[in-house]
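Values in this text are rule-based calculations from the coordinates and carry no lab data. Just so it is clear, the model here is predicted, and its values are computed rather than measured. Cβ sites come from the backbone with ideal geometry, for glycine too, and all protein chains shown count toward neighbours.
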Protein chains: 2
Amino acid sequence: MPASLQLSALPGIPLVAPGDDLPALIDASLRQSGLSLRAGDVVVVAQKVVSKAENRFVDLAAVEPSPRALALAQEIAKDPRLVEVILRESSRIVRARPGLLIVEHRLGFVMANAGVDQSNVGPQQRGQRVLLLPADPDASAARLRERLMMQHACDVAVIVSDSFGRAWRRGTIGTALGVAGMPALVDLRGQPDLFGRAMKVSTVALADQVASAAALLMGEAAEAAPVVLVRGLEWSQPPAPAQALVRTAEEDLFR
Amino acid sequence: MPASLQLSALPGIPLVAPGDDLPALIDASLRQSGLSLRAGDVVVVAQKVVSKAENRFVDLAAVEPSPRALALAQEIAKDPRLVEVILRESSRIVRARPGLLIVEHRLGFVMANAGVDQSNVGPQQRGQRVLLLPADPDASAARLRERLMMQHACDVAVIVSDSFGRAWRRGTIGTALGVAGMPALVDLRGQPDLFGRAMKVSTVALADQVASAAALLMGEAAEAAPVVLVRGLEWSQPPAPAQALVRTAEEDLFR
């Protein structure tokens, strides 16, 4: 285990628009702040700016709600077009209540509104367009990583992060949607504890913990400081994507 | 939001035994490493060493399993005395399966085995004694904080942390059991987003995120490095204990 960690919010990342070159923006911020990437650094990027760069906007005016979306929208008092977009992003509804919809996203994430975001999408578009999660956040992380490694000629990891609510406890926490270049999950099964006894608690959600640490610097909007550099982390296990963090229903005793 | 955070594992904290003066051990480690506490620092302490210092050990030989514990122990293939201890710590059983028991701890935490720990309790006692959570982790955090503030003459916060499994996702993450001197939960409801629109995502589990960050330095056993100093965190809301993080069943759509 490392003895210390340093986390830095990258300064001066501008508001991101579709087609923007996110690695170039990160690069410019690093240069501006006199930082350079080192081997082992982890770059945590807020989902929202990744989605914007990838133009994951949906224009609500162009959405035709299905009968199912219309019925559900009435039940929970939401815009039927928004509900339609959420349903298209979801594999099932976990819970519905007026004003709130918890679903299983098609990527396996259990989250409010399938991550479909109406806030911080810009003043002109208010109520007009919404923002989806990246189509494949692990692939987004891998692409960002490749570019950053090319630019900086060293091995770094990338996490695409979001804020999730959760069962049993109040408040959102930083959560990893996409991971590249590091193990999202660390398996300690069979490793001895301090007294040589095999540990029963077996796996640690390394990338989720890093996402939560980075969230401390991002702020709730996650756009004032959408990129955080984490330095000092160590791992010995092979890389694994964020999909490794998704628990199947069969093995989940908490749900 | 702060622009940077520094996390340091305090070196040389020895194995803790009942009655040990934990603030004095922390103090010695700080002096040894040339660190001193500053106003705004957060000291994260692993639950296990707090429980040991508070002598939360239970000798299994002295435990008489109830009929309910005997029946449940047979169902899940666990030591009936251990099951009895877990049931005494719990307000209800969430899920039981061979080898695994998820309960609601009397403090409201939904967790495996009510946090009753058989690992890292020492070679002589293997299978003989187990370790409970602190009786009142918020009070433990408050006592630690008072002592540290007296010794260092500055305002610091203390988090007593543990590793929790959770619904929907694999792997444990650092979680706050006890909090003193800072808001465990930050309420952002009604604050404007970057475009002046009131944010809907409302509360951030600040102390859980700090516990997850600190867990990156503690290691799974959480005894090799049971105390982590977090420097650079900022908050503007009044202190709130970890009990503020416990979600009631009525408001919980994720469970």
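Can you tell me the FRET efficiency between A:Ala61 and B:Arg68 if r is taken as the Cβ-Cβ distance and R0 is 45 Å, rounded to the nearest 0.05? Could you put the intermediate results ahead of the total?
Numbers: r = 60 Å, r/R0 = 1.33.
Efficiency at R0 = 45 Å is approximately 0.15.
What dipole magnitude, in Debye to the nearest 20, does the protein assembly as shown give about its Cα centre under +1 on Lys/Arg Cβ and -1 on Asp/Glu Cβ?
540 debye
To the nearest 20 Debye, how big is the dipole of chain A about its Cα centre, given +1 on the beta carbon of each Lys and Arg and -1 on that of each Asp and Glu?
Magnitude of the dipole: close to 520 debye.
If you put a point 7 Å past Cα along the Cβ direction, how far is that point for A:Arg31 from the same point in each other copy, in nm, smallest first?
5.1
Rounded to the nearest 20 Debye, what is the dipole magnitude of the range A:46-165 about its Cα centre when Lys and Arg each give +1 and Asp and Glu each give -1 at the C-beta?
Here the range A:46-165 has a charge dipole of around 200 debye.
Is the shape of the range B:29-110 best called rounded, prolate or oblate, per the rule: a/c under 1.5 gives rounded, else a/b larger than b/c gives prolate, else oblate, with a ≥ b ≥ c the square roots of the Cα gyration tensor eigenvalues? Don't jump to the answer; show the numbers that get you there.
Numbers: a/c = 3.47, a/b = 2.38, b/c = 1.46.
It comes out prolate by the Cα gyration axes.
Test of understanding: ordering A:Arg97, B:Arg129, B:Arg56 by Cβ neighbours within 10 Å, fewest first, what list do you get?
A:Arg97, B:Arg129, B:Arg56
With the Cα gyration tensor of the range B:40-192 giving a ≥ b ≥ c as the square roots of its eigenvalues, does the rule (a/c under 1.5 for rounded; else a/b larger than b/c for prolate; else oblate) give rounded, prolate or oblate? Don't skip to the end; give the middle numbers.
Working: a/c = 2.62, a/b = 1.56, b/c = 1.68.
It comes out oblate by the Cα gyration axes.
Would you be so kind as to identify which of A:Leu206, B:Pro134, A:Val45 lies farthest towards the positive end of the dipole of the protein assembly as shown, taking Lys and Arg as +1 and Asp and Glu as -1 on Cβ and the Cα centre as origin?
B:Pro134
Label position 7 Å from Cα toward Cβ: report the copy-to-copy distances for B:Ala96 in nm, one decimal, ordered from shortest.
3.6
Would you kindly work out, in nm and rounded to one decimal, the distances from the label point of B:Ala135 to those of the same position in each other copy, ordered shortest first, with label points 7 Å along Cα-to-Cβ?
From this label point to the equivalent ones elsewhere in the assembly: 6.0 nm.
Can you work out D for the range B:1-49 in µm² s⁻¹ from Stokes-Einstein, where Rh is the Kirkwood radius over C-alpha pairs, the temperature is 4 °C and the viscosity is 1.567 mPa s?
My calculation gives 105 µm²/s for D.
Could you give the C-alpha radius of gyration of the protein assembly as shown expressed as a fraction of 2.2 N^0.38 Å, taking N as the number of residues it contains?
0.97
Residue by residue through the range B:157-171, what is 3J(HN,Hα) from phi via Karplus (6.51 cos²θ - 1.76 cosθ + 1.60, θ = phi - 60°)? Round to whole Hz and write x for glycine and proline.
10, 10, 10, 9, 10, 9, 9, 10, x, 7, 6, 6, 10, 7, x
Once all Cα-Cα distances of chain A are split into 10 Å bins that start at 0, what whole-number percent is in each one?
All Cα pairs, binned at 10 Å, distribute as 7, 29, 33, 21, 8, 1, 0 percent.
Mind checking which helices in chain B clear 30 Å along their axis (Cα) and have mean Kyte-Doolittle hydropathy of -0.5 or more, DSSP H runs only?
Qualifying helices, which must be both long enough and hydrophobic enough, do not occur.
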